[in-house]
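Worksheet: one structure, shown below.
Quick note: the coordinates plus some simple rules give every number you see, no bench work behind them. Computed from a predicted structure; not experimentally measured. Please note: Cβ atoms are built from the backbone with ideal geometry, for glycine as well, and neighbour counts cover all protein chains shown.
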Amino acid sequence: MLEWIFLDVGNVLLDEDPLTYLSFRRHAEAILRAHPGLAFRDVLAAWEARAAAGSRWPVPEVVSAFLDEGACDEIWASTEREVRGRFAALSPMIPGAAAVVERLARRHRLGLIANQGLECRARLAELGLLRHFDVVALSEEVGRYKPDPALFEAALDGAGSPPGCCLMVGDRLDNDLAPARGLGMATAWVRWPRFAAKGWRPDDPNALAYRDALERVAALAPALRPHIHPTLVVDETRDLDAALRDVEQGGDGGTAGPGEVTR
């Protein structure tokens, strides 16, 4: 019996694309200052190539190919300060996420397992979401970071429930679902075939190009990690509650492709 549902935050509850774009843009700007013969799209293409090849850290790899260690450290630190200071503005709630959380909370106990800083807790409280979660395992507070199973274990310890009674919901097969499945949890993948559905629709051509690159890389996830088989697959956060209800009533979830839902 499913007792607990644990959710990631980025790209499940909050749209992470505006934040990651700002971070990428600041790093790209540092590269372009040092190499004025390059263009933003050149840096983006280098990032996409590394991400599509399966790199876990494509931004640091690209930046370190163009800048020395001191410059890399400087741009990383300044960008982190800016992102932390603007976290709320850069982290809009995904359409339908609040309604899904409210519906799920009526039938299950809820928790969070997320690679997030201290600002995330305040943002979720501001949006009225935090009150629905009985267990909150944020990486910066716990001192463990996904895909480290210890972050998941901390959440499970807080829940006091065996992994077999818990479901992990995330947008990344490697960071979110693989460690959860390794501990015996059921898993739900929010795959976002259309990143615009998360809500961010920028006018900046470079931002649109960045979002399109993210979407292309995300579409490669099953091929890059074919050994990870989610229990349930949905296209968007808003689909989660209906898909879970369908599975609980003996269906296949309704939104996944052939062979993507198992019981």
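Only one of the listed residues (G96, G70) is among the small types (G, A, S), touching a Lys or Arg at 6+ places or on another chain (Cβ under 7 Å) and more than 22 Å from D174 (Cβ to Cβ). That residue is G96. Of all residues in the range 1-53, those satisfying the criterion of being buried (at least 16 other Cβ atoms within 10 Å of the Cβ), small (G, A, S) and over 30 Å from R109 (Cβ atoms) are S23, A28, A30, A46, A51, A52. Touching a helix residue (DSSP H, G or I) at 6+ places or on another chain (Cβ under 7 Å) and exposed (fewer than 14 other Cβ atoms within 10 Å of the Cβ): which single residue out of L118, L110, L90 fits that description? Result: L118 is the single residue among L118, L110, L90 that is touching a helix residue (DSSP H, G or I) at 6+ places or on another chain (Cβ under 7 Å) and exposed (fewer than 14 other Cβ atoms within 10 Å of the Cβ). Considering A197, A207, the condition of being surrounded by 14 or more Cβ atoms within 10 Å (Cβ to Cβ), hydrophobic (A, V, I, L, M, F, W, C), in contact with an Asp or Glu (Cβ under 7 Å, 6 or more places away or on another chain) and not in a loop (DSSP other than H, G, I, E, B) is satisfied by A197 alone.
The criterion of being of a type in the set (K, R), without any contact (Cβ under 8 Å) to a residue 12 or more places away in the chain and under 25 Å from A218 (Cα atoms) does not hold for R107. Looking across the range 46-60, just one residue is in a loop (DSSP other than H, G, I, E, B), touching a residue at least 60 places away in the same chain (Cβ under 8 Å) and not small (G, A, S), and that is R56.
Scanning the range 130-160 for residues being surrounded by fewer than 18 Cβ atoms within 10 Å (Cβ to Cβ), in contact (Cβ under 8 Å) with a residue 24 or more places away in the chain and of a type in the set (G, A, S) gives a total of 1.
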